[in-house]
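A.B. asks: Sending over a structure as structure tokens; questions will come in a sec.
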Amino acid sequence: MVIPNARVEIRDFAVRHPRVYRILFKLFCRLGTNPRPPQLFNFVGGEQYHELGLGHFRNLCGIAGAVADDRVLDVGCGIGRVAVHFMDYLNSAGRYDGFDIVALGVDWCNRRIARRRHNFRFRYVDLYNAEYNPSGQLDAATFKFPYEDACFSLVFATSVLTHLLPGAALNYLKEISRVLEPGGRSLVTFFVINSESRRHMPASAFDFQPTNGQFWTMVPDNPEAAIAFDENLIRDMYRQANLELQSPIHYGSWSGRNGAVGGQDIVLAAKR
Ligand SMILES: C[S@@+](CC[C@H](N)C(=O)[O-])C[C@H]1O[C@@H](n2cnc3c(N)ncnc32)[C@H](O)[C@@H]1O
């Protein structure tokens, strides 16, 4: 298992001792009840599990207008960093589904969150991703989300399409559109390449380089570690997915630009 963007020592430990890490994770998961994991098991990266999750939750309320009876899909739910903030927000008419490709994270969410909230449910899907699930068997570019058409009012993916190649990203936007009810909203974060981010990038920690495959990456020998798309391509993918952008893109601070609202860029759209 690869632990991206997390503290180096955690990643090193998990890579060097995958079995020990798994056993520790599973034991800990079964023994406690706190829905927030210790940093050792925060495989989604960053030291600030609580702050980052809270930031995404606030954007979902403030930008996407999440309400208590929304039917929510969390695409790439990780280890519940956003879900924990919905536990006391959704009412009994609301529903929360999530899926991810890291079994340990889904197991955590089911044991620590879904056991305490009957309307929360998380699924594991064995999709290939070079960064998160290199032994995965399914292809994200053709994967059909395991949900009925039009069954969600709000679908989001935070820091997930930043790990998908273009074919998978387009398929995910089409699937988001399929499972959204008409008028339903989607919030997806990206690293958006445009003239302004290009101007700032070289001085930032996110110095993406172009590839010949319609995307940019910071890690050429493992692109799925961090992927960026041109803004025009993103807009075109939204058109193909029948999702209508609802407001100007909320540009994040990742590239070092001014006037930013947070880390990654946020695209809010509605199902036509
Ligand atoms: C940086 S983490 C973000 C996790 C979560 N969205 C959050 O904000 O806490 C990226 C997540 O995307 C998941 N992921 C990668 N490829 C995926 C795919 N094809 N489908 C669903 N999830 C995927 C990873 O397993 C990981 O949990």
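A.B. asks: How many residues does segment 130-161 hold that are closer than 18 Å to T217 by Cα, out of contact with any Pro (no Cβ under 7 Å at 6 or more places or on another chain) and charged (D, E, K, R)?
C.D. replies: Qualifying residue count for the region: 0.
A.B. asks: Only one of Q264, Q240 is polar (S, T, N, Q) and more than 19 Å from G76 (Cα to Cα); which?
C.D. replies: Q240
A.B. asks: Here is a further query. Looking at segment 50-91, which of the residues that are part of a loop (DSSP other than H, G, I, E, B) and near the ligand (Cβ under 10 Å from one of its atoms) is nearest to the chain's Cα centre (by Cα)?
C.D. replies: G76
A.B. asks: Looking at segment 118-130, which of the residues that are more than 20 Å from F86 (Cβ to Cβ) and more than 7 Å from the ligand (Cβ to nearest atom) is surrounded by the most Cβ atoms within 10 Å (Cβ to Cβ)?
C.D. replies: Y128
A.B. asks: Restricting attention to segment 111-152, which residues are part of a loop (DSSP other than H, G, I, E, B), under 18 Å from the mean Cα position of the chain (by Cα) and among the aliphatic types (A, V, I, L, M)?
C.D. replies: Across segment 111-152, the qualifying residues are V125, A130, A140, A141.
A.B. asks: Further question on the same structure: Do we find a residue being assigned to a loop (DSSP other than H, G, I, E, B), within 12 Å of the ligand (Cβ to nearest atom) and in contact (Cβ under 8 Å) with a residue 24 or more places away in the chain anywhere in segment 100-110?
C.D. replies: Just the residues of segment 100-110 that are assigned to a loop (DSSP other than H, G, I, E, B), to begin with: 101-102.
Keeping just the survivors that are within 12 Å of the ligand (Cβ to nearest atom) gives 101-102.
Applying the additional criterion that residues be in contact (Cβ under 8 Å) with a residue 24 or more places away in the chain yields 101-102.
Checked segment 100-110: at least one residue is assigned to a loop (DSSP other than H, G, I, E, B), within 12 Å of the ligand (Cβ to nearest atom) and in contact (Cβ under 8 Å) with a residue 24 or more places away in the chain.
A.B. asks: Of everything in segment 62-94, what is in contact (Cβ under 8 Å) with a residue 24 or more places away in the chain and among the small types (G, A, S)? Give them in sequence order.
C.D. replies: A64, G65, A66, A68, G76, G78, G80, A83, S92, A93, G94
A.B. asks: Return yes or no: is G45 within 11 Å of the ligand (Cβ to nearest atom), within 17 Å of the chain's Cα centre (by Cα), of a type outside the set (D, E, K, R) and surrounded by fewer than 21 Cβ atoms within 10 Å (Cβ to Cβ)?
C.D. replies: yes
A.B. asks: So, one more: Restricting the search to segment 177-228, which residues are touching a Leu at 6+ places or on another chain (Cβ under 9 Å) and among the charged types (D, E, K, R)?
C.D. replies: Those that are touching a Leu at 6+ places or on another chain (Cβ under 9 Å) and among the charged types (D, E, K, R): R185, E224.
A.B. asks: Taking G46, is it more than 23 Å from H163 (Cα to Cα) and assigned to a loop (DSSP other than H, G, I, E, B)?
C.D. replies: Values: more than 23 Å from H163 (Cα to Cα): no; assigned to a loop (DSSP other than H, G, I, E, B): yes.
Against the criterion (more than 23 Å from H163 (Cα to Cα) and assigned to a loop (DSSP other than H, G, I, E, B)), G46 does not qualify.
A.B. asks: Assuming L40 fulfils every condition listed in (1) surrounded by fewer than 20 Cβ atoms within 10 Å (Cβ to Cβ); (2) in contact (Cβ under 8 Å) with a residue 12 or more places away in the chain; (3) under 17 Å from the mean Cα position of the chain (by Cα); (4) assigned to a helix (DSSP H, G or I) apart from one, which condition is it?
C.D. replies: For L40, the exception is condition (3).
A.B. asks: Here is a follow-up. Collect the residues in segment 233-272 that are more than 18 Å from the chain's Cα centre (by Cα), touching a residue at least 12 places away in the same chain (Cβ under 8 Å) and assigned to a helix (DSSP H, G or I), keeping them in residue-number order.
C.D. replies: L233, Q240
A.B. asks: Against the definition (in contact with a strand residue (DSSP E or B) (Cβ under 9 Å, 6 or more places away or on another chain) and under 24 Å from G252 (Cβ atoms)), how does Y132 come out, yes or no?
C.D. replies: Taking the combined requirement at face value, the residue satisfies it.
Any read-out appearing in this document is the output of simple, stated calculations on the displayed coordinates, not a laboratory observation. Since this is a predicted model, take the numbers as computed values, not measurements. When we count neighbours, we look across all protein chains shown, and the Cβ atoms used for this are built from the backbone with ideal geometry, even at glycine.
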